[in-house]
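Participant: Starting off with a structure, shown below.
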Amino acid sequence: MAGILFIISAPSGSGKSTLVNQLRSLVSGLEFSVSWTTRGPRGSEQDSREYHFTTREHFEQMIRNGEFLEYADVFGNYYGTALRTLREAFAAGRDLLLDIDVQGASQVRAKMPDAVSIFLMPPSPEVLATRLRNRSRAEGSLQEEDIERRLAKARQEIENYREYGYILVNDVLDRAVEEMAAIVAAERIRRNGDAGGNGADRERVLRIADSCRQANSEARVRPVLRAFGVPDPGPNR
Ligand code: 5GP
């Protein structure tokens, strides 16, 4: 049976890496795609663990060879998901999680309409700015210009939230982790009839996942849109 492709996108500094790391310890059978990038390693990042780090020349050769499922230019560097990663995960009977930006997510949705897409929102620009500043400080470089650029990009990305099937707001990390795990479990139940757990567990994960569907998340999303100054498009069409 074909695996399920999960996509998570979030503005830089939304706490996505922490959430994804916690998810690793909770969910089995889910592979985390390692992307290719032309940016250099940060902090303790290691080649082929966080990313496959490479040169622009090599990345552009991979584009010409048709090796990418999707790729995008993010903050002046290329990032991309190799088709091979997808093939290998599915051949091994595993589901795959892509942590990619909104441009990449839209390319994947066009090619693979069955993909499950999840957008993680920071609760407010203030929380996002604090996280971005703390991260820059921890990495020994704090450039206010960079923070402003990332905040502006976050606002743009948030404007695209309606393209995603599920929406999470990262105000309480444990809750966001529980919701993300519930979405994975619920999609497995729906698509594969995956029984994992008893009837009450199943009902619980289906209920949690359902509350995160974009159409059901207006009440949680509205204050975030307002805080970021993103026009509220009103009820879903
Ligand atoms: P960072 O440099 O902070 O690790 O990532 C910057 C942005 O690039 C994040 O929004 C991340 O989701 C995105 N990104 C990481 N890998 C990929 C990828 O393979 N494709 C695309 N389109 N975006 C990616």
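The values are calculated or read from the model by the stated rules, or taken from the named source; none is laboratory data. These numbers come from a predicted model, not from an experiment. As a convention, Cβ positions derive from the backbone with ideal geometry for all residues, glycine included, and neighbour counts pool all protein chains shown. Note: areas computed on protein heavy atoms with side chains; ligands, DNA, RNA excluded. Shrake-Rupley method; radii C 1.70, N 1.55, O 1.52, S 1.80 Å.
Participant: Which condition breaks for Gly13 when tested against (1) part of a loop (DSSP other than H, G, I, E, B); (2) modelled with pLDDT of 95 or more?
Facilitator: (2)
Participant: Across the stretch 87-132, what is the total count of residues that are at pLDDT below 95 and basic (Lys, Arg)?
Facilitator: 1
Participant: Please list, ordered by residue number, the helices (runs of 4 or more DSSP H) wholly in the stretch 139-215 having 2 or more residues that are open to solvent by less than 20 Å² (accessible area, probe 1.4 Å), of a type in the set (Gly, Ala, Ser) and modelled with pLDDT of 95 or more.
Facilitator: The qualifying helices (runs of 4 or more DSSP H) are 173-192.
Participant: Can you find, within the stretch 91-101, the residue that is farthest from the chain's Cα centre (by Cα) among those that are open to solvent by 20 Å² or more (accessible area, probe 1.4 Å) and near the ligand (Cβ under 9 Å from one of its atoms)?
Facilitator: Filtering first and then ranking leaves Asp101.
Participant: Listed residues Glu179, Glu163; which is among the acidic types (Asp, Glu) and out of contact with any strand residue (DSSP E or B) (no Cβ under 6 Å at 6 or more places or on another chain)?
Facilitator: Glu163
Participant: Among the residues of the stretch 82-89, is any without any contact (Cβ under 8 Å) to a residue 24 or more places away in the chain, under 23 Å from Ile4 (Cβ atoms) and under 19 Å from the mean Cα position of the chain (by Cα)?
Facilitator: Looking through the stretch 82-89, at least one residue is without any contact (Cβ under 8 Å) to a residue 24 or more places away in the chain, under 23 Å from Ile4 (Cβ atoms) and under 19 Å from the mean Cα position of the chain (by Cα).
Participant: Answer yes if at least one residue in the stretch 34-54 is among the small types (Gly, Ala, Ser), away from the ligand (no atom under 12 Å from the Cβ) and under 21 Å from Ala181 (Cβ atoms), and no otherwise.
Facilitator: Within the stretch 34-54 (the criterion being among the small types (Gly, Ala, Ser), away from the ligand (no atom under 12 Å from the Cβ) and under 21 Å from Ala181 (Cβ atoms)), the answer is no, since none of the residues qualifies.
Participant: Take Ile118 and decide whether it is open to solvent by less than 20 Å² (accessible area, probe 1.4 Å), near the ligand (Cβ under 8 Å from one of its atoms), of a type in the set (Val, Ile, Thr) and within 25 Å of Glu179 (Cβ to Cβ).
Facilitator: No; evaluated as a whole, the condition is false for this residue.
Participant: Scan the stretch 4-21 residue by residue and report those that are closer than 15 Å to Thr81 by Cβ and near the ligand (Cβ under 9 Å from one of its atoms).
Facilitator: Once the filter is applied, which keeps residues that are closer than 15 Å to Thr81 by Cβ and near the ligand (Cβ under 9 Å from one of its atoms), the stretch 4-21 yields Ile8, Ser9.
Participant: Next question. Quick test of your reading of the structure: Glu88 fulfils all but one of (1) within 24 Å of Leu168 (Cα to Cα); (2) among the acidic types (Asp, Glu); (3) open to solvent by 20 Å² or more (accessible area, probe 1.4 Å). Name the failing condition by number.
Facilitator: Condition (1) is where Glu88 drops out.
Participant: Under 9 Å between Cβ atoms, at least 6 apart or on separate chains: pull out the pairs that start in the stretch 138-153 with a residue that is over 17 Å from Met121 (Cα atoms) and end on any residue that is among the charged types (D, E, K, R) and open to solvent by less than 50 Å² (accessible area, probe 1.4 Å).
Facilitator: Correct list of pairs: empty, since none qualify.
Participant: What number goes with the only condition from (1) over 20 Å from Arg150 (Cβ atoms); (2) free of Cβ contacts under 8 Å to residues at least 40 places away in the same chain; (3) within 9 Å of the ligand (Cβ to nearest atom) that Glu70 does not pass?
Facilitator: Result: Glu70 fails condition (2) only.
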